[in-house]
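Below: one structure, written as structure tokens.
Quick note: the coordinates plus some simple rules give every number you see, no bench work behind them. Being a predicted model, the structure only gives us computed values, none of them experimental. Cβ atoms come from the backbone with ideal geometry, glycine included; neighbour counts cover every protein chain shown.
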Amino acid sequence: MMPSEQETAEVLGISRPTGTPSILWIAREVSRGLPLTALERVAYKIAPDDKSFVYRFMPKATWARRRKAHLAKANDIQPAAAGKKQARGRSNRTSRGSAVHEQSPAAVLSPEEGAKVARIAEVWTLARQVWGSDDAARAFLFRPHPMLEGQRPIDVALANEFGRPLVEGILGRLQYGSAA
């Protein structure tokens, strides 16, 4: 069973806009630019003790620059239209429910970075379903696997978009009791 879009969205820390019937909403959010916090959430869930895991998604200098800009923006408060204070860098919803991203370019992931983060979030969600716990899912993802020529599933899934289906195939076999 593939992870539901809601489970993947929860890992990413995003929510479906109200009144959005399309199953493509996550793809649209990725194209618009997932918030930098989506990467932080995914990295913490998968590798909570590895502070350098985020560098698998972008270079260290890029991460440091974007994180600094994001934190500076998050600490800058601007008055909202209703006279209330609102932190910059957060999304508002219009009356129709679509996201209005106020993030600076530094606070969002590029579509390519977001696709990679979403891809790994889906792999993580499926691994958790199959193994039943965070620790067991991590053990699977970070242990070399013979069906991947001794490579770790996390490395194969992160390498490119062709790795994800290989890892998901192994997880599917495990889920349904086939040899894996």
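Some notes on this structure:
- Stretching Phe162 away from Asp135 to a fully extended chain increases their span by 7.2 nm, per 0.36 nm per residue minus the current alpha-carbon distance.
- Charge-dipole axis of segment 1-80 as Lys and Arg at +1 and Asp and Glu at -1 on Cβ define it, positive-most pick from Val11, Tyr55, Tyr44: Tyr55
- Taking 7 Å steps out from each Cα toward its Cβ at Ala27 and Lys60 produces label points 3.7 nm apart.
- Proximity of backbone amide H atoms, modeled 1.01 Å from N, is registered between His145 and Gly150, Gln151, Arg152 at under 5 Å, excluding neighbours fewer than 5 places apart on the same chain.
- Tail fraction, Cα-Cα pairs, segment 115-170, threshold 15 Å, whole percent: 39
- At full extension, Ala74 and Asp50 could sit 6.2 nm farther apart than now, given 0.36 nm per residue minus the alpha carbon distance.
- Counting charges near Leu148 (Lys, Arg +1; Asp, Glu -1) among other residues having Cβ under 13 Å from its Cβ returns a value of +1.
- Across segment 36-51, rounded Karplus estimates of 3J(HN,Hα) from the backbone phi angles (6.51 cos²θ - 1.76 cosθ + 1.60, θ = phi - 60°) give 4, 5, 5, 5, 4, 4, 5, 4, 5, 5, 7, 9, x, 9, 10, 5 Hz, Gly and Pro being marked x.
- For segment 114-180 versus segment 16-55, the gap between their alpha-carbon centres in whole angstrom: 18
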